[in-house]
Ligand code: NAD
Ligand code: TDX
């Protein structure tokens, strides 16, 4: 993350509240912002669901200078008491907290809605209260320094636009989510817009593409394919494997979020595309090639219900603001595969008892009904 992303509309040495900062993208954001050593202080609020992992913050905790600027609070964004207390001290709030896996939302959507709808509302209410206090000239840091109203950035996804058979989604397009996960995320986006319109809060939304990189939970496609292939285990490919996703490296996604936080227009919504659209089959083949594993591991399994065929976003608004991705797609994928090969302790620990239950529920019947998958063209 470059120094040029600092300053802008968030003060130097800012206090950031990062919700969901122990997950995949949130922890990358925390690691990268603290590694800049520009005085930023971060409080992570994380519920530590199956996807949250303190080990993702180990590089920060191993560095005394960075560790001194990190505080960790184990809690829920849907809990107004803890949220009010933490938002009161923050110059800005970045919300990564979510249930993030489409397949799990198909099995049971309840936690998706509690975090994605109720949780986002609790955060917005706390931001609203602090904004009102700041507007009255009464907002103060613990040391008595006057504070402005907090900025709030909601981390959202390309999935809110629904399946895009042709062309690209723009920020003003109608939202048409098709999975319970995507519907919960779209509800969060709409709440942010409603609080902007009603209470004139300083809010932002980023909509990122499919993200890959180190520390991603092995439930997601690239991490699943890599970890299964390392173990010579079967790789489940849904349907014909010709669904298309736009892949964004996690370091670029985190950098874009920070850039928008510092430079985005109040009320702005910004797509964050990766500029790297590929069919699932080709992504799987690239991972196997890097590991020197055979295509025969791949099994064609019954499709995900309501499976979105394609996501693709227009990135013009973010480019006009001054940001573009920097990670080369092939190099990024190879480095990610190498990271999983070199860090087996990390993902084997994540594959705990609850993982075995989930894996059986999600894949046992599908793999029993599987066939050899057609290879890439
Ligand atoms: P993740 O599942 O790896 O991490 C989510 C984190 O949020 C975990 O640390 C979890 O413990 C925490 N959390 C969940 N519910 C919480 C609650 N109620 N209170 C506090 N913490 C809670 O997810 P990720 O892949 O890092 O995604 C982060 C955000 O980015 C999500 O909002 C997701 O919708 C969005 N996003 C993800 C992708 C992707 O491809 N992974 C792409 C675009 C947008
Ligand atoms: O076992 C699998 N087999 C398979 O073919 C899995 C887990 C996935 N897939 C396919 C489904 C998708 O077409 O691979 C593609 C990617 O799947 P996921 O990794 O589950 O991601 P996706 O459903 O596209 O959603 C992701 O990108 C947008 C993230 O999980 C979301 O959090 C984000 O918002």
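The values are calculated or read from the model by the stated rules, or taken from the named source; none is laboratory data. What you see is a predicted model; the values in this text were computed from it and never measured. Using ideal geometry, Cβ is built from the backbone for each residue, glycine included, and neighbour counts are taken over all protein chains shown.
Looking at segment 30-37, is at least one residue more than 22 Å from the chain's Cα centre (by Cα), farther than 29 Å from residue 221 by Cβ and touching a residue at least 12 places away in the same chain (Cβ under 8 Å)? Looking through segment 30-37, at least one residue is more than 22 Å from the chain's Cα centre (by Cα), farther than 29 Å from residue 221 by Cβ and touching a residue at least 12 places away in the same chain (Cβ under 8 Å). Scanning segment 295-316 finds one or more residues that are away from ligand 2 (no atom under 16 Å from the Cβ), out of contact with any helix residue (DSSP H, G or I) (no Cβ under 7 Å at 6 or more places or on another chain) and more than 19 Å from residue 174 (Cα to Cα).
Here 169, 156, 179 are screened, and the one residue that is surrounded by 17 or more Cβ atoms within 10 Å (Cβ to Cβ), in contact with a helix residue (DSSP H, G or I) (Cβ under 8 Å, 6 or more places away or on another chain), at pLDDT 95 or above and farther than 19 Å from residue 120 by Cα is 169.
When the helices (runs of 4 or more DSSP H) confined to segment 41-150 are screened for residues that are in contact with a strand residue (DSSP E or B) (Cβ under 6 Å, 6 or more places away or on another chain) and either within 14 Å of ligand 1 (Cβ to nearest atom) or modelled with pLDDT of 95 or more (or both), those reaching at least 1 such residues are found at 58-61, 80-87, 120-135.
Screening residue 36 with (1) in contact with a helix residue (DSSP H, G or I) (Cβ under 6 Å, 6 or more places away or on another chain); (2) under 18 Å from residue 256 (Cβ atoms) gives one miss only, at (1). Screening residue 172 on (1) over 17 Å from the mean Cα position of the chain (by Cα); (2) within 16 Å of ligand 1 (Cβ to nearest atom) shows it passes everything except condition (2). Checked against (1) without any contact (Cβ under 8 Å) to a residue 60 or more places away in the chain; (2) within 11 Å of ligand 1 (Cβ to nearest atom), residue 197 meets all criteria but (2). In segment 109-121 there is no residue that is more than 30 Å from residue 307 (Cβ to Cβ), crowded, with 16+ Cβ neighbours inside 10 Å and touching a residue at least 12 places away in the same chain (Cβ under 8 Å).
For residue 317, the stated conditions do not hold, so it cannot be described as closer than 15 Å to residue 226 by Cβ and not in a loop (DSSP other than H, G, I, E, B). Selection of segment 338-348 for residues being surrounded by 11 or more Cβ atoms within 10 Å (Cβ to Cβ) and in a helix (DSSP H, G or I) yields 338, 339, 340, 341, 344, 346, 347, 348.
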